[in-house]
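Undergrad: Input: one structure, supplied below.
The values are calculated or read from the model by the stated rules, or taken from the named source; none is laboratory data. If you're wondering where the values come from, they're calculated on a predicted model, not measured in any experiment. Every residue, glycine as well, gets a Cβ built from its backbone with ideal geometry; the counts of neighbours run over all protein chains shown. Side chains are part of the model used for accessible areas, which takes the heavy atoms of the whole protein and leaves out ligands, DNA and RNA. Shrake-Rupley method; radii C 1.70, N 1.55, O 1.52, S 1.80 Å.
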Amino acid sequence: MEQYTFEPENVKTSTKPVASKAQKATLSLVKVYLWFALGLLITGVVSLGLPNLLVLFQGTAGEETMNTIYIVGIVVSVILMIPALIVLNVQAFRKNVPLIITTYVIYALSMGVLLSSLFLSLVGPGEGMNTICVAFFVTGGVFLINGVLAALMKKTNLNMLWPILSSLVLGVLIISLVNFFIGSETIYWIVEFVIFGVMLVSTLLDMHNINKLAESGQFENSTNLSVYCGFMLYVDFIWL
């Protein structure tokens, strides 16, 4: 007895390209940096725009009224930042996307109000805006260097540096407390440079860990984690 096997004709095989692991990691990092950029954009618009609004309405509402409104805005911003920070940390590994995005925007808006107090004193003079621009581009350059270093050292375990950073921070706090009574300018500058160094290394570690998460595919199905990591970079940038 002859046996026949069924062979379907004109079966089209899928030619859709499958993204490689490296491509997925790159797309994940792009998502993180877009959230990071969104936070900076919101803070930048508020911090630079609010002083101009205060000056604009000062003639209509009166200086005293605008000062009162501004002080209330700063107090409200500080109050809002505390629960927003808690929610961002709690929701990082959960799936409530609208909540974490909302709290991230609230935090960025509140930070913009706080930073506007610095920019308020610089509104008008060209030198003031030049200082802001220089600070922004220098910080951006530092971030770029840290990003390159984090990419080059992605196979190195840098988490061992966290205990060292913690010890440095504790030492700096103690020295700062002692210097409060001594008033040594030399110690002050040493503390400033140590704090700046700690901030740089902390930023490098954050970028290193974000690269690791991207390579492991943690961002592919977690918008919350992408927002949280973008928030981490945002905080590092503001500190610097």
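Undergrad: Restricting attention to the stretch 183-199, report how many residues are surrounded by 10 or more Cβ atoms within 10 Å (Cβ to Cβ) and more than 25 Å from VAL142 (Cβ to Cβ).
TA: 1
Undergrad: Which numbered condition trips up SER28, out of (1) modelled with pLDDT under 80; (2) open to solvent by 70 Å² or more (accessible area, probe 1.4 Å); (3) within 20 Å of the chain's Cα centre (by Cα)?
TA: (2)
Undergrad: Can you pull out every residue in the stretch 214-237 that is open to solvent by less than 10 Å² (accessible area, probe 1.4 Å) and not in a helix (DSSP H, G or I)?
TA: Residue satisfying the conditions is PHE219 alone.
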